[in-house]
Each structure stands twice: as C-alpha cells, then as structure tokens.
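Asker: Supplied in structure tokens, the structure appears directly below.
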Amino acid sequence: MKELVDRIRQEGVNLGTEILKIDSLLNHQIDPQLMMNMGKEFASVLPKADRILTAEVSGIGPALMTGLAMKVPVVFARKKQPVTMKTPVYKETSTSRTKGGSVDLIVSSEYLHRGEKVLIIDDFLASGETMKAMIRLVESAEATVVGCGVVVEKSFQGGRAALATDYPSLPIHSLALITSMEGNKIELA
C-alpha cells in the first residue's frame, strides 16, 4: 500500500533492535484516514468472514476499519482478564519483543463461536508468534481462520515462513513489507 509505505519512509524510526517505531500513525497516535484506507484494502483482498479478531492495542484501529468495510464485528484479545469478562475464556500466550516477554491473549467464549469464519488483523508480523497464538484462540473455539492481514510485515524475521509451516494454505496479506533493518536504515519492498 503506497500510502503506508510512504508514511513509513517519512516517519518510521529504526530503534536499532529490529523494532520499528511508527507511533505517529499506528502505535500511539492514529491517523483515521490512513486506518480507513487500510481497512478498505484488507476488505478488498482478504476472504469474507463472520468476525475479525485482533490483539489489543495497536491492532484495534486497522481491525475496526476492516470490520467497518466488511460490515462484521471486531473482537480483540485482551492482555489481562477484566472482572467483567465471563468465563469460560480462550487463553493463549505469545512472546512480544516490544513488551519484552510473554503476553497473554484472552478472549471470552461469548465472542468466538464454533463454526464461524474468522479473519485475523494485526499491526505487525515479525516472528509469527502473536499470529499463531491468535490462530490457536480461534481453533480453541472450533472456528476457522480464513485469512490474516498485517499492517507491517518484517520479512527478515521469518513470521510468514513460520506460519506457512503450520498453516500452508492460509492467505496472508501485508500492507507494507520491510526487508531489512540494518543500522538505522529501514528497507521496504
């Protein structure tokens, strides 16, 4: 998506540890028009679903706009279980480089149902660990993942390959592809 790639080139910062800071458009501040365009792009290329699943917090913006474009509800996996969340819940653990450790992903069984088609939207695809955890959440509900959309894929970290090993026919669509983050540079495809 040219608009997103251009914004990453202008505003993205390589923090030197293979972590991309794009706080001005996604991870701290949200550009609503860019989010809407992302949602339309995902909706135009990914399979239709009964609902969308994402992880809090940064996946909510693009997932919400995709849900709006597809006219389906959006569920986000919580990182802590609030007292208001009914049990039973689906719970998986993922490793997060930006959080510096393990992160729980929790979804109430009220919002993922057996037999549903679920589309997963997330902000980044790096190692694939968070995406795999969300896929396991969907599988725990006896639902089916029909595709995955990611705003930014860091291809050099192997996430797509890791997903292809376990889910070879799963469609994955990335809006921006980073091929290298050497020194302070950000190389985009």
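Asker: Of the residues VAL83, VAL103, which single one is of a type in the set (A, V, I, L, M), farther than 26 Å from ILE22 by Cβ and outside any helix (DSSP H, G or I)? Even if it seems obvious, please write down each step before you answer.
Answerer: On the way: VAL103 fails: farther than 26 Å from ILE22 by Cβ.
It is VAL83.
Asker: Further question: Tell me, which residue of segment 119-175 that is among the basic types (Lys, Arg) and in contact with a Ser or Thr (Cβ under 9 Å, 6 or more places away or on another chain) is farthest from ALA49 (Cα to Cα)?
Answerer: Looking only at segment 119-175, we keep the residues that are among the basic types (Lys, Arg), and these are 132, 136, 154, 160.
This time we only want the ones that are in contact with a Ser or Thr (Cβ under 9 Å, 6 or more places away or on another chain), so: 132, 154, 160.
Details: LYS132: 18, LYS154: 25, ARG160: 21 Å.
So, considering only residues that are among the basic types (Lys, Arg) and in contact with a Ser or Thr (Cβ under 9 Å, 6 or more places away or on another chain), the one farthest from ALA49 (Cα to Cα) is LYS154.
Asker: Every residue in segment 14-56 that is among the aliphatic types (A, V, I, L, M), more than 23 Å from VAL75 (Cβ to Cβ) and in contact (Cβ under 8 Å) with a residue 12 or more places away in the chain, please. If you could, list the steps in order and put the result at the bottom.
Answerer: Keep residues of segment 14-56 that are among the aliphatic types (A, V, I, L, M), which gives 15, 19-20, 22, 25-26, 30, 34-36, 38, 43, 45-46, 49, 52-53, 55.
Add one more test, that the residue is more than 23 Å from VAL75 (Cβ to Cβ), and what stays is 15, 19-20, 22, 25.
Within segment 14-56, ILE19, LEU20, ILE22, LEU25 qualify.
Asker: Between a first residue in segment 129-142 that is within 15 Å of PRO88 (Cβ to Cβ) and a second residue that is of a type in the set (Lys, Arg), which pairs have beta carbons less than 9 Å apart while being 6 or more apart in sequence or on different chains?
Answerer: LEU137/LYS91; SER140/LYS91; ALA141/ARG114; GLU142/ARG114
Asker: Still on this structure: Looking at ALA63, ALA43, which one is part of a helix (DSSP H, G or I), among the hydrophobic types (A, V, I, L, M, F, W, C) and touching a Phe, Trp or Tyr at 6+ places or on another chain (Cβ under 8 Å)?
Answerer: Result: ALA63 is the single residue among ALA63, ALA43 that is part of a helix (DSSP H, G or I), among the hydrophobic types (A, V, I, L, M, F, W, C) and touching a Phe, Trp or Tyr at 6+ places or on another chain (Cβ under 8 Å).
Asker: Hey, another quick one. Could you please find all residues in segment 110-135 being among the aromatic types (Phe, Trp, Tyr) and either modelled with pLDDT under 95 or surrounded by fewer than 24 Cβ atoms within 10 Å (Cβ to Cβ) (or both)? Steps first, answer last, please.
Answerer: The first filter runs over segment 110-135 and keeps only residues among the aromatic types (Phe, Trp, Tyr), leaving 111, 124.
Residue satisfying the conditions is TYR111 alone.
Asker: Exactly one of these conditions fails for GLN81: (1) of a type in the set (S, T, N, Q); (2) out of contact with any Leu (no Cβ under 7 Å at 6 or more places or on another chain); (3) in contact (Cβ under 8 Å) with a residue 24 or more places away in the chain; (4) buried (at least 17 other Cβ atoms within 10 Å of the Cβ). Give me its number.
Answerer: Only one criterion is unmet by GLN81, namely (4).
Asker: Answer yes or no as to whether GLU110 is more than 24 Å from SER24 (Cα to Cα) and out of contact with any Gly (no Cβ under 6 Å at 6 or more places or on another chain).
Answerer: Considered against the rule, which asks whether it is more than 24 Å from SER24 (Cα to Cα) and out of contact with any Gly (no Cβ under 6 Å at 6 or more places or on another chain), GLU110 comes out as yes.
The values are calculated or read from the model by the stated rules, or taken from the named source; none is laboratory data. The shown structure was predicted, so the numbers you read here are calculated from the model rather than taken from an experiment. For neighbour counting, all protein chains shown are included, and Cβ atoms are generated from backbone atoms with ideal geometry for every residue, glycine included.
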